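Structure first, then comments.
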């Protein structure tokens, strides 16, 4: 926990640097594939420091996050299969010692069926987005769909932060810290549930 707290403070310190916007892009890129601290931390601090630039900061954060998601997808894909389509030594190790090929294929069916919603949910809610970007490549889900789902979900999250701070200023930060993640989960559940219900009725 101390390591994470130090990382959090280090990320936050970039809001007072002239390189803050560049740091936001790099952080958003890294968080989509391996870094533990979400870019929201720096995004919110930058928006509070320069409210008029809130939407610009959100756009930078979105660009970094989506490009990082593509990198995460590539990591998952290359770690699991060779360019010839054969399983790598890492994949075979997992099949031999962690789960079977049959179990892997069962999960892949779920990814193929709910690919957009899996990516969207991880991109908009506090679920670990990096886990989905890497496993998205691992299960070879449709790449254009993966990018579109990433743009929509990450864009909604970051631009909503920016819009709230642009409209209400620094006082909204306490509300974001306390309630946003819960509301994001509820919104996603309701959204997916409504589409499921419409599909059943039709």
Given the conditions (1) assigned to a loop (DSSP other than H, G, I, E, B); (2) over 21 Å from residue 46 (Cβ atoms); (3) within 23 Å of the chain's Cα centre (by Cα), and given that residue 126 satisfies all but one, which numbered condition is not satisfied? (2)
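In the stretch 16-37, what residues are assigned to a helix (DSSP H, G or I) and in contact (Cβ under 8 Å) with a residue 60 or more places away in the chain?
Keep residues of the stretch 16-37 that are assigned to a helix (DSSP H, G or I), which gives 16, 20-31.
Answer for the stretch 16-37, where residues must be assigned to a helix (DSSP H, G or I) and in contact (Cβ under 8 Å) with a residue 60 or more places away in the chain: just 31.
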For the stretch 134-150, check the following and say yes or no: at least one residue is more than 19 Å from the chain's Cα centre (by Cα), touching a residue at least 40 places away in the same chain (Cβ under 8 Å) and on the phi > 0 side of the Ramachandran plot. no
Selection count, the stretch 76-103, where residues are loosely packed, with under 12 Cβ neighbours inside 10 Å and either assigned to a loop (DSSP other than H, G, I, E, B) or touching a strand residue (DSSP E or B) at 6+ places or on another chain (Cβ under 6 Å) (or both): 7
Which members of the stretch 104-130 meet the condition of being more than 20 Å from residue 29 (Cα to Cα) and surrounded by 12 or more Cβ atoms within 10 Å (Cβ to Cβ)? 104, 107, 108, 111, 112, 114, 115, 116, 117
What is the number of the single condition among (1) surrounded by fewer than 19 Cβ atoms within 10 Å (Cβ to Cβ); (2) in contact with a helix residue (DSSP H, G or I) (Cβ under 8 Å, 6 or more places away or on another chain); (3) closer than 18 Å to residue 63 by Cα that residue 162 does not meet? (1)
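All of the numbers you see were taken from the coordinates with simple rules; none came from a lab. Fair warning: this is a prediction, and the values are worked out from it, not measured in the lab. Backbone-built Cβ (ideal geometry, glycine too); neighbour counts: all protein chains shown.
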